[in-house]
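Have a look at the structure below, then the notes.
Just so it is clear, none of the values below were taken in a lab; they were calculated from the coordinates. This structure is a prediction, so every number in the text was calculated from the model and none was measured. Every residue, glycine as well, gets a Cβ built from its backbone with ideal geometry; the counts of neighbours run over all protein chains shown.
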Amino acid sequence: MRRGAAAPVLLAVLAGCDSSAGRPAVGPTVRAEAGKGAGDSAGRPAGRGGPGRLPPVVDHVPTRDEVVFLTYDDGAERDPRFIDLVRGRRLPVSMFLTDSVVGPGYGHFARLRSVGASLQNHTLDHPALRGLPYVGQRAEICGQQRKLGARFGIRPHLFRPPYGTYDTTTLRAAADCGIAAVVLWRVTLEGDGTLAYTRGAHRLTPGDIISVPAGGTPALTLADRTTRLLRELEERGLRVGRLEDYVRRP
C-alpha cells in the first residue's frame, strides 16, 4: 500500500446501515435510497441476515489516494479503439458483464482482460432484481459466475445489480454465489462525455466509483468518452485506480 493510502476495505463488513445517516457502521460507503436501497421486497432495511454475512454495498471507497475507479456495464459496446486505450494508458478498468448482452462478443473481453481489464458479474440476463424471489436472483448471479468461470477460468468477487436496484434477497443470493461486494456508483459518464452525480458534491472526489453505462446511441464512442474523462481527471490531479485492489476478498 502506498504511503498515505487508506487500508483496503475489509469485505467481512456487514451491509447493515445506520438508519439515521444512511451509512454503514463500518467499512465502505453504502448507497441506500428508496428504490435503490438495501431493503427487502417489503422495504425493510438490510440486516445481519442470520449466521452468514451479507456483502457490503459500495458506491465510493474511503481513501486518501488521489484515485477514482472506472467501471463499464453490460458489454454492449465493443469499440476496438477502447482496447488500444486501455493497453496504451494501462488503465485498470473493471468490466461488469451481462451474458445475454455480450453474446458472441466474449473474445473482445478476453482481449481486454489480456491488457489489464478485470471482468466482473452483472447477471445473466440483466433483470431488475429487487423484489424477485431468491431462486431467480441466485440463478442470475450464480449463472453468470459459472459462465465467466467456464470462459475465463475466473471467479469474480464483485457484482453490480442491473439498474442499481437490489434488496436483502439480492445480498443473500450474491453472498451464496461467492460475491464479496456489491458495487454501485456515485458518478455516471454519460453518452456525450458529461458527468452526472447520484449524490454529494457535483465534482469528482478521491474514491469515486464511476459507471460507464451501455445502451442507446451515444454521441461519443467508448474510447472518446473515456479519453475526455481522463483529461478531466488529469486536470483535477486524479488518476485511475484498480477497484479490486481497494475492495478485496476477506
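Couple of notes before you dig in:
- The stretch 59-171: radius of gyration and largest Cα-Cα distance (Dmax), Å: 14.6, 44
- Mean-position separation - Cα centroids, the stretch 86-138 and the stretch 171-203, in angstrom: 14
- Taking the number of Cβ atoms within 10 Å of each Cβ as an exposure proxy, the fewest-first ranking of C142, C177 is C142, C177.
- Kirkwood hydrodynamic radius of the stretch 134-250, from inverse mean 1/r over distinct Cα pairs, in Å: 16.1
- Taking E66, E234, E77 and counting other C-beta atoms within 10 Å, the order from fewest to most: E234, E66, E77
- Sorted fewest first by neighbouring Cβ atoms within 10 angstrom, E232, E244 come out as E232, E244.
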